[in-house]
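Report on the following structure.
The values are calculated or read from the model by the stated rules, or taken from the named source; none is laboratory data. For clarity, every value in this text was computed on a predicted model and none was experimentally measured. All Cβ positions, even for glycine, are placed from backbone atoms using ideal geometry, and neighbour counts span all protein chains on display.
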Ligand SMILES: Cc1ncc(COP(=O)(O)O)c(C=O)c1O
């Protein structure tokens with residue numbers, strides 16, 4: 001169970017990762033979350049005592065096999081799925097590729113006569129994570145698949161009407177992320193999935209940023225395929241899952257020993273899968289305890305105090321309300337994102353996604369650069385999580401003077417000191 005304790009202005013998880021007891025305040029939860037120490041405790045026995053191969057029929061295989069079953073059940077419960085609908089993978093990128101390539105290749109092999117009038121077609125949108133965009137590009141390059149990249153509107157949302165208009169009788173799959181990793185904008189997934197189904201297409205969503213952060217139920221949103229990622233929900237890196245709706249057939253990326261219902265060959269990483277199962281349980285408890293509301297409160301307080309300190313200069317990128325509770329993507333007139341973050345070394349945040357190297361997603365950057373702002377166009381996504389401390393815990397973090405941010409005579413950050 002989640003163990004909370006009161007810590008000044010807010011309640012924080014007492015199980016904070018040891019890496020967060022010193023150094024800058026970590027506000028980059030969309031890049032990765034700290035591993036919950038309880039997930040670490042849960043995985044350790046599978047690196048030691050329970051080292052057996054889960055496929056072995058003898059005694060050493062029993063506990064590893066049972067541990068995978070337990071984890072599968074926990075992940076399934078978190079998203080309202082059945083355990084046999086969960087396929088463990090090694091990363092979010094792999095889950096995305098398995099969903100997208102798997103669905104399209106199955107359609108290609110199953111129904112050759114269907115493609116007489118043209119190649120299979122996929123619909124996605126421009127601000128997807130590169131894992132989705134690159135999987136789509138590869139399908140075009142290698143298999144001649146046609147892909148439509150829908151734009152997003154000024155709030156970062158896909159228009160359901162434009163989405164419906166993009167679907168054709170050759171559309172095999174639509175893949176639209178549930179929430180953007182940089183802006184936190186939450187797409188109308190249930191509506192889009194229903195439109196895709198009415199046109200005879202499958203629907204995949206990359207839910208890397210939502211599962212464990214907001215309630216996600218695959219039957220409510222009506223998706224066929226859903227990506228979730230361990231290191232975005234307090235499990236270690238290198239483990240993820242794909243929800244594959246019961247009865248849906250997709251082509252595996254890796255064939256071999258038949259693990260994961262034949263959808264992902266390779267001896268399972270029992271330790272990391274166990275940690276993901278534990279993280280799923282912890283996430284369910286946090287969601288039930290109202291953690292999203294607490295984080296939304298922190299996010300809004302931070303924005304309000306920045307707006308108070310820099311009147312008229314602070315703008316939120318993305319939809320005002322359809323946003324993840326823990327994500328704040330800001331631009332401040334007159335200050336470039338890089339300059340801002342360089343001036344605040346006490347905060348570990350990013351000017352773009354760290355899920356891939358270098359700059360923010362190029363498409364997202366183009367979208368940000370179209371947003372009205374006098375200057376200082378880069379967006380700064382700040383993501384918080386359960387152990388994000390208040391000033392009570394880390395008094396110096398918000399109290400330094402920062403050159404170039406404050407209007408003359410004002411102390412830019414003084415009014416946010418107590419967030
Ligand atoms: C929305 C989204 N999808 C996919 C990924 C890729 O996950 P992974 O790094 O595990 O491949 C990330 C971040 O890393 C992400 O934010």
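A compact table of results
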item: Qualifying residue in the stretch 135-142 (condition: in contact with a strand residue (DSSP E or B) (Cβ under 9 Å, 6 or more places away or on another chain) and within 13 Å of the ligand (Cβ to nearest atom)); result: yes
item: Boolean, residue 278 is in a loop (DSSP other than H, G, I, E, B), in contact (Cβ under 8 Å) with a residue 40 or more places away in the chain and assigned by TED's automatic domain parsing to the domain that holds residue 56; result: no
item: Residue in the stretch 298-312 that is under 30 Å from residue 70 (Cα atoms), assigned to a loop (DSSP other than H, G, I, E, B) and not assigned by TED's automatic domain parsing to the domain that holds residue 190 present; result: no
item: Test: residue 174 is modelled with pLDDT of 95 or more, crowded, with 24+ Cβ neighbours inside 10 Å, within 22 Å of the chain's Cα centre (by Cα) and under 26 Å from residue 105 (Cα atoms); result: yes
item: Flag if residue 130 is within 15 Å of the ligand (Cβ to nearest atom) and surrounded by fewer than 20 Cβ atoms within 10 Å (Cβ to Cβ); result: yes
item: Residue list for the stretch 232-270, restricted to those being within 16 Å of the ligand (Cβ to nearest atom), more than 11 Å from residue 90 (Cα to Cα) and either outside the structural domain of residue 206 (by TED's automatic domain parsing) or not in a strand (DSSP E or B) (or both); result: 232, 233, 234, 235, 253, 254
item: Count - residues of the stretch 177-201 that are in contact (Cβ under 8 Å) with a residue 12 or more places away in the chain and over 21 Å from the mean Cα position of the chain (by Cα); result: 7
item: Odd one out for residue 326, checked against (1) surrounded by fewer than 22 Cβ atoms within 10 Å (Cβ to Cβ); (2) modelled with pLDDT of 90 or more; (3) touching a strand residue (DSSP E or B) at 6+ places or on another chain (Cβ under 8 Å); result: (1)
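Let's see how each residue does on (1) in the same structural domain as residue 326 (by TED's automatic domain parsing); (2) out of contact with any helix residue (DSSP H, G or I) (no Cβ under 6 Å at 6 or more places or on another chain); (3) outside any loop (DSSP other than H, G, I, E, B); (4) at pLDDT 95 or above:
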{"residue": "23", "(1), (2), (3), (4)": "yes, yes, no, no"}
{"residue": "44", "(1), (2), (3), (4)": "no, yes, yes, yes"}
{"residue": "54", "(1), (2), (3), (4)": "no, no, no, yes"}
{"residue": "66", "(1), (2), (3), (4)": "no, yes, yes, yes"}
